[in-house]
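Asks: Before I ask anything, let me first share the structure, which is written out below as structure tokens.
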Amino acid sequence: MIAYAFLLTLPLRLVTQKTVRKTVERTKTIQLAPPRISAKQIEALVELLSETSPQRYYEALTRFIATLMDAEYCLLMMPPKTGEQIVVPVAYGSEANKMINGFSIDGHKTPSLLEAIKVGHSLRLDGESNASEVLTLLEELGSKRSSHLVMAMFHPNPESQLMGIVLLSKSLDSRWSDQD
């Protein structure tokens, strides 16, 4: 007779275990990634979108992207109109937390970068080699650290020319991926 009492509770235990198992399986499949953008960065983005001065817009853009991507430097680059000089109207250094005035880079010293900007392609460069174009760019910025480079092309607005956003990593340990 005691066995009959256990048999009556057995279906209840099986139903409860199946429900728990289904809940656990659902939890495993719904894994949300932590947000990559903070509330402060969203505010900066809203300010960026409302900026009317082109110079301040580009300054805010480079600062925002450097912060978002955790880069040491973010540079805005324009393709040369004539000749081989790459124009950098504005750059931001996150370590010093300061804007860097515009300058130009000799395209002969950075042929891969020059070609990517002219054609409008993305680019990733390894900064480990002593003859790397990344080191040439870092010398222009006055930095002695080695890092890696990633560049993406964009149009600030439909009627403007193609520009490149260049990011330099904080160290050789942090490489840029295709996702970046």
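Residues checked against (1) more than 18 Å from the chain's Cα centre (by Cα); (2) free of Cβ contacts under 8 Å to residues at least 40 places away in the same chain:
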residue: Met69; (1), (2): no, no
residue: Pro79; (1), (2): yes, no
residue: Asn97; (1), (2): no, yes
residue: Ile100; (1), (2): yes, no
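Asks: Keeping to the range 154-168, report how many residues are surrounded by fewer than 20 Cβ atoms within 10 Å (Cβ to Cβ), of a type outside the set (Asp, Glu) and farther than 16 Å from Phe64 by Cα.
Replies: Qualifying residue count, the range 154-168: 6.
Asks: Mind listing whichever residues of the range 137-168 are of a type outside the set (A, V, I, L, M, F, W, C), in contact with a helix residue (DSSP H, G or I) (Cβ under 9 Å, 6 or more places away or on another chain) and at pLDDT 85 or above?
Replies: Across the range 137-168, the qualifying residues are His148, Gly164.
Asks: Please enumerate the residues belonging to the range 147-158 that are out of contact with any Asp or Glu (no Cβ under 7 Å at 6 or more places or on another chain) and of a type in the set (Gly, Ala, Ser).
Replies: Ala152
Asks: Given the structure, is Leu123 in contact with a Pro (Cβ under 8 Å, 6 or more places away or on another chain), under 23 Å from Gln179 (Cα atoms) and either open to solvent by less than 30 Å² (accessible area, probe 1.4 Å) or not small (Gly, Ala, Ser) (or both)?
Replies: no
Asks: Just checking, does the range 111-133 include any residue being aliphatic (A, V, I, L, M), under 19 Å from Arg63 (Cβ atoms) and without any contact (Cβ under 8 Å) to a residue 60 or more places away in the chain? Please lay out each step first, then the result.
Replies: Taking the range 111-133 first, the residues aliphatic (A, V, I, L, M) are 113-114, 116-117, 119, 123, 125, 131.
Applying the additional criterion that residues be under 19 Å from Arg63 (Cβ atoms) yields none.
No, the range 111-133 contains no residue that is aliphatic (A, V, I, L, M), under 19 Å from Arg63 (Cβ atoms) and without any contact (Cβ under 8 Å) to a residue 60 or more places away in the chain.
Asks: What residue, among those in the range 38-83 that are part of a helix (DSSP H, G or I) and of a type in the set (Phe, Trp, Tyr), is least open to solvent (accessible area, probe 1.4 Å)? Explain how you work it out, then say what you get.
Replies: Kept after step one, since they are part of a helix (DSSP H, G or I), are these residues of the range 38-83: 39-50, 54-69.
Now drop any that are not of a type in the set (Phe, Trp, Tyr), which leaves 57-58, 64.
Working: Tyr57: 53, Tyr58: 41, Phe64: 25 Å².
Per the criteria, the residue is Phe64.
Asks: All but one of (1) within 25 Å of Leu49 (Cβ to Cβ); (2) under 14 Å from the mean Cα position of the chain (by Cα); (3) surrounded by 16 or more Cβ atoms within 10 Å (Cβ to Cβ) hold for Trp176; which doesn't?
Replies: If we test Trp176 against (1) within 25 Å of Leu49 (Cβ to Cβ); (2) under 14 Å from the mean Cα position of the chain (by Cα); (3) surrounded by 16 or more Cβ atoms within 10 Å (Cβ to Cβ), just (1) comes out false.
The values are calculated or read from the model by the stated rules, or taken from the named source; none is laboratory data. No experiment lies behind these values; they were computed from the predicted model shown. Backbone-built Cβ (ideal geometry, glycine too); neighbour counts: all protein chains shown. These accessible areas exclude ligands, DNA and RNA; they are computed on the full protein's heavy atoms, side chains included. Shrake-Rupley method; radii C 1.70, N 1.55, O 1.52, S 1.80 Å.
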